[in-house]
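Structure, as structure tokens:
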Ligand SMILES: Cc1cc2nc3c(=O)[nH]c(=O)nc-3n(C[C@H](O)[C@H](O)[C@H](O)COP(=O)(O)OP(=O)(O)OC[C@H]3O[C@@H](n4cnc5c(N)ncnc54)[C@H](O)[C@@H]3O)c2cc1C
Ligand SMILES: Nc1ncnc2c1ncn2[C@@H]1O[C@H](COP(=O)(O)O)[C@@H](O)[C@H]1O
């Protein structure tokens, strides 16, 4: 069975205006809209396209998170994943331990490809895929904007600071997605109904033999420094004069 | 005492400015002794530049033909092999650092702290989360090996004038061959580099086409500015991906940032929080970009750009 594993993290929806709790103990997440991390939707879309082209037989979506993450997994199943695994943890799990959980699942499921998002937009860590690839001792191609499979290898175009880099990596491997890899499809109503019958398995973190640790403790959360609202100038002339006065242009 | 190992970013000939910014971040750790590791096929030129940075005690050359291109899977085991004596391993929060540092952290079985914007002590750091909408202070236990990426926009580059010892490290890690470099398409231009430019002019979806983006290039050349873009402009193919500014593009801190036809989505603003002066040009007076702009000009960019060109 040619299998692709996709990571799905439940995060605060990207349209939500983030508020820091007044006591500095965290960010307000109660009652706010939660969604699949946008990069993970892209990861799943890529897996579905590979399967549609005949490059894979099965797509398994995996999440480590609270029981509520079932909602996001159901959405993923409706999008086109075949099976879902929910590794339950009420408390947040650090990237290194998420990678260790993924390694356990990789050992069990033997995927030829693991596709994760390049970063989760809550903690903005950008670590998990790289860590999994290290622990698994396999190739990584991060920040992918193009993925081409061909007999045991993948050619991946990556968005890097200099422009676009192309790597060739052997399989199995870890790929992490950038925004321009694809545009995820919308879920259709009949698919949501069908997804209800697809298998969703719940596992305990302890059952996988990973004991999460808190290596990095959050001490306090603050809102960012606010910029002062500036002035509205009326003409281009006025703007250029203001900039000249400040020595910003010659 | 803290010993900080910094993983140098370079292109084989030149040390990237991000490395000098890591030095400044590391210096905030009391009593830190700083070493820079240069993984390269031939590390001499880059090592010589690293040795000139102030406050650097030592430069380690790690030479191997496999280092001709910076591949995370190849570099990580070499850094992990020399990391034992160090309390901290830092790299710049560029696509190079973001790619390689977590791989190093996992090999060292330790956590990574991403995008450090301040080191308050050897064990306490500040970093942005939620696209910069919150700043979290994090702490690790004393004695924990800290792997971190350094948010380059938060630090000045360390000055030259130092004279570190240069040593060659012999590393016996087995290097994988499963990852092969094929090509890089870098748009070569004579314009200032987006990440280090003092002035940046960015365009958004409103530019409407790649041809219209030329208006920005012309204006930028007049004032010696780099050109940036919003995600929408890049997605639409008006500008190449390496010009994207924001949460998933480049985080920049120019003295002057001019946003033209950009609405000011949170993800874009994340990339320009540290700009000294922000100018917004937008035809919609309600556009969120005006909330953060020091100077706002409401109007049509297609009439304003030519006016600016004449005035500058
Ligand atoms: C996970 C994630 C990550 C993201 N990362 C980034 C990122 O790194 N960088 C980024 O930029 N975006 C990012 N985005 C996208 C972001 O949310 C916005 O969609 C994007 O920034 C919008 O680009 P824009 O301002 O060019 O386009 P729009 O929002 O469409 O704004 C165009 C603006 O131009 C103005 N305008 C139109 N015509 C004219 C005219 N003739 N003259 C003057 N003004 C005019 C309009 O009033 C409008 O304000 C990300 C989104 C997600 C979900
Ligand atoms: N708790 C989690 N459950 C499932 N996937 C995760 C989890 N955390 C991270 N990932 C995956 O790893 C990617 C990068 O996350 P991060 O390293 O936390 O920024 C995400 O886009 C997901 O694909």
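Taken together, the values in this text are just the output of simple stated rules run on the coordinates, not laboratory data. Keep in mind it's a predicted model, so treat the numbers as computed, not measured. A quick note on method: Cβ atoms are made from the backbone with ideal geometry, for glycine too, and the neighbour counts reach across all protein chains shown.
Spin-label point model (7 Å from Cα, Cβ direction): what's the residue A:219 to residue A:150 distance in nm?
The answer from the label model is 5.3 nm.
Taking springs between alpha-carbon atoms closer than 10 angstrom, which of B:160, B:291, B:120 fluctuates most in the Gaussian network model of chain B?
For chain B, modelled as a Gaussian network with Cα springs under 10 Å, the answer is B:291.
State, as an integer percentage, the relative contact order of the stretch A:63-128 based on alpha-carbon contacts under 8 Å between residues 6 or more apart. Write down the numbers at each step before the final one.
Working: 47 pairs, mean separation 20.4, N = 66.
Relative contact order here is 31 percent.
Please report Rg over Rh for the stretch A:166-220, where both radii come from the alpha carbon positions and Rh follows the Kirkwood definition. Spell out each step's value before the answer.
On the way: Rg = 18.9 Å, Rh = 17.1 Å.
Value, to two decimals: 1.11.
Per Stokes-Einstein, at 10 °C and 1.306 mPa s, what whole-number D in µm² s⁻¹ belongs to the stretch A:80-125, with the Kirkwood radius over Cα pairs as the hydrodynamic radius?
Values: Rh = 12.4 Å.
Translational D for this selection: 128 µm²/s.
Based on the Cα coordinates of the stretch A:108-227, what is the per residue volume of their convex hull in Å³?
Values: hull volume 26.6 nm³, N = 120.
Considering the Cα atoms of the stretch A:108-227, their hull volume per residue is 222 Å³.
When the expected Rg is taken as 2.2 N^0.38 Å, what fraction or multiple of it is the alpha-carbon Rg of chain A? Each step should come with its number before you reach the end.
Numbers: Rg = 21.2 Å, N = 250, 2.2 N^0.38 = 17.9 Å.
Its radius of gyration relative to the 2.2 N^0.38 Å reference: 1.18.
Averaged over its residues, how many other protein chain Cβ atoms are within 10 Å of peptide B:138-147's Cβ atoms? Intermediate results must be reported in sequence, preceding the final value.
Numbers: counts 6, 5, 4, 4, 0, 0, 2, 1, 2, 2.
Mean inter-chain Cβ contacts per residue within 10 Å come to 3.
Among DSSP beta bridges lying fully in the protein assembly as shown, give the percent that are antiparallel, nearest 5.
Here the antiparallel bridges make up roughly 35 percent for the protein assembly as shown.
Out of all DSSP beta bridges in chain B, what portion is antiparallel? Express it as a percent rounded to 5. Don't skip to the answer; put the middle values down first.
On the way: 10 of 57 bridges.
Once the DSSP bridges in chain B are tallied, antiparallel ones form about 20 percent.
Of all DSSP beta bridges located in the stretch A:1-102, what percent are antiparallel, nearest 5?
Numbers: 4 of 15 bridges.
Of all bridge pairs located within the stretch A:1-102, approximately 25 percent are antiparallel.
Once every Cα of the stretch A:186-250 carries one equal point scatterer and solvent is ignored, give the base-10 log of I(q)/I(0) from the Debye formula at q = 0.28 Å⁻¹, two decimals.
Each listed q maps to, in turn, -1.23.
Calculate the length of the line joining the C-alpha centroid of the stretch B:140-177 to that of the stretch A:135-165, in whole Å.
25
In 5 Å bins starting at zero, report the fraction of Cα pairs in the stretch A:52-105 per bin as a rounded %.
It works out to 5, 18, 25, 23, 17, 9, 3, 1, in whole percents.
Can you pull the percent of Cα pairs in the stretch B:225-286 with separation above 20 Å? Can you show the working numbers first?
Working: 325 of 1891 pairs.
Percentage above 20 Å: 17.
Compute the FRET efficiency between residue B:193 and residue B:163 as 1/(1 + (r/R0)^6), taking r as their Cβ-Cβ distance and R0 = 30 Å, and round to the nearest 0.05. Don't skip to the end; give the middle numbers.
Values: r = 27 Å, r/R0 = 0.90.
Result of the calculation: an efficiency of 0.65.
Hey, what does the equivalent ellipsoid look like for the stretch B:1-107, semi-axes from the Cα gyration tensor as sqrt of 5 times each eigenvalue, largest first, whole Å? Numbers along the way, then the final one.
Details: eigenvalues 72, 49, 30 Å².
Semi-axes, largest first: 19, 16, 12 Å.
Just want the ordering: A:142, A:29, from fewest to most Cβ atoms lying within 10 Å of their own Cβ. Kindly include the intermediate steps, with their values, before the conclusion.
Working: A:142 28, A:29 14.
Ascending Cβ contact count within 10 Å gives the list A:29, A:142.
How compact is the stretch B:122-219 by the rule of thumb for globular proteins, expressed as Cα Rg over 2.2 N^0.38 Å?
Details: Rg = 21.2 Å, N = 98, 2.2 N^0.38 = 12.6 Å.
That ratio works out to 1.68.
For the protein assembly as shown, what is the Kirkwood hydrodynamic radius in Å, using each pair of distinct C-alpha atoms? Walk me through the numbers before you get to the answer.
Numbers: mean 1/r = 0.0411 Å⁻¹.
By the Kirkwood definition, the hydrodynamic radius is 24.3 Å.
Given all pairs of different Cα atoms, what value in angstroms does the Kirkwood hydrodynamic radius of the stretch B:153-208 take? Show your work: numbers first, answer last.
Numbers: mean 1/r = 0.0563 Å⁻¹.
17.7 Å is the Kirkwood radius here.
Give me the distance in nm between label points sitting 7 Å out from Cα along the Cα-to-Cβ direction at residue A:68 and residue B:65, one decimal.
5.6
If I take every Cα pair under 8 Å that is 6 or more residues apart in chain B, average their sequence separation and divide by the length, what percent do I get for the relative contact order?
Across chain B, relative contact order equals 15 percent.
Take the Cα gyration tensor of the stretch B:130-289, multiply each eigenvalue by 5, square-root it, and list the three semi-axes largest first, rounded to whole angstrom.
Values: eigenvalues 226, 91, 63 Å².
In descending order, the three semi-axes are 34, 21, 18 Å.
For residue A:162 and residue A:204, what is the calculated FRET efficiency with R₀ set at 51 Å and r taken between the beta-carbons, to the nearest 0.05? Can you show the working numbers first?
On the way: r = 44 Å, r/R0 = 0.87.
For residue A:162 and residue A:204, the calculated efficiency is 0.70.
Quick one: what do you get for the stretch A:1-61 if you divide its Cα Rg by 2.2 N^0.38 Å? Present the calculation step by step, with values, prior to reporting the outcome.
Values: Rg = 16.4 Å, N = 61, 2.2 N^0.38 = 10.5 Å.
Cα-based Rg divided by the globular estimate yields 1.56.
Roughly how far apart, in whole Å, are the Cα centres of the stretch B:1-77 and the stretch A:172-250?
30
Can you compute log10 of I(q)/I(0) for the stretch B:54-146 with the Debye formula, treating each Cα as one identical point scatterer, at q = 0.14, 0.18, 0.20, 0.23 Å⁻¹?
With one equal scatterer per Cα and no solvent, log10 I(q)/I(0) is -0.58, -0.93, -1.11, -1.33.
Using only the Cα atoms of the stretch B:98-171, construct the convex hull and provide its projected area averaged over every direction, in square nanometres to one decimal. Show your work: numbers first, answer last.
Working: hull surface 28.3 nm².
Across all orientations, the stretch B:98-171 yields a mean hull projection of 7.1 nm².
Measuring from label point to label point, each 7 Å out along Cα→Cβ, what is the residue A:234 to residue B:41 span in nm?
In this crude spin-label approximation the distance works out to 6.3 nm.
Which value in Å is the Kirkwood Rh of the stretch B:64-207 over different Cα pairs?
On the way: mean 1/r = 0.0559 Å⁻¹.
Averaging 1/r across every pair of different Cα atoms and inverting gives 17.9 Å.
Stokes-Einstein diffusion coefficient for chain B at 10 °C in a medium of 1.306 mPa s, Rh from the Kirkwood formula over Cα pairs: what value in µm²/s?
Values: Rh = 20.5 Å.
The Stokes-Einstein estimate is 77 µm²/s.
For the protein assembly as shown, what does the helix formula give at 222 nm: sum of -39500 (n - 2.57) over DSSP H segments with n ≥ 4, over the residue count, nearest 500 deg cm²/dmol? Kindly include the intermediate steps, with their values, before the conclusion.
Numbers: 15 runs with 147 residues, N = 562.
It comes out at -7500 deg cm²/dmol, rounded to the nearest 500.
Taking neighbour Cβ counts within 10 Å as the exposure measure, how do A:210, A:101, B:7, B:223 sort from fewest upward?
Numbers: A:210 21, A:101 25, B:7 28, B:223 18.
Lowest to highest Cβ neighbour count: B:223, A:210, A:101, B:7.
Given the C-alpha atoms of the stretch A:33-171, compute the convex hull and give its volume per residue in Å³. Could you put the intermediate results ahead of the total?
Values: hull volume 15.8 nm³, N = 139.
In the stretch A:33-171, the Cα convex hull volume per residue is 114 Å³.
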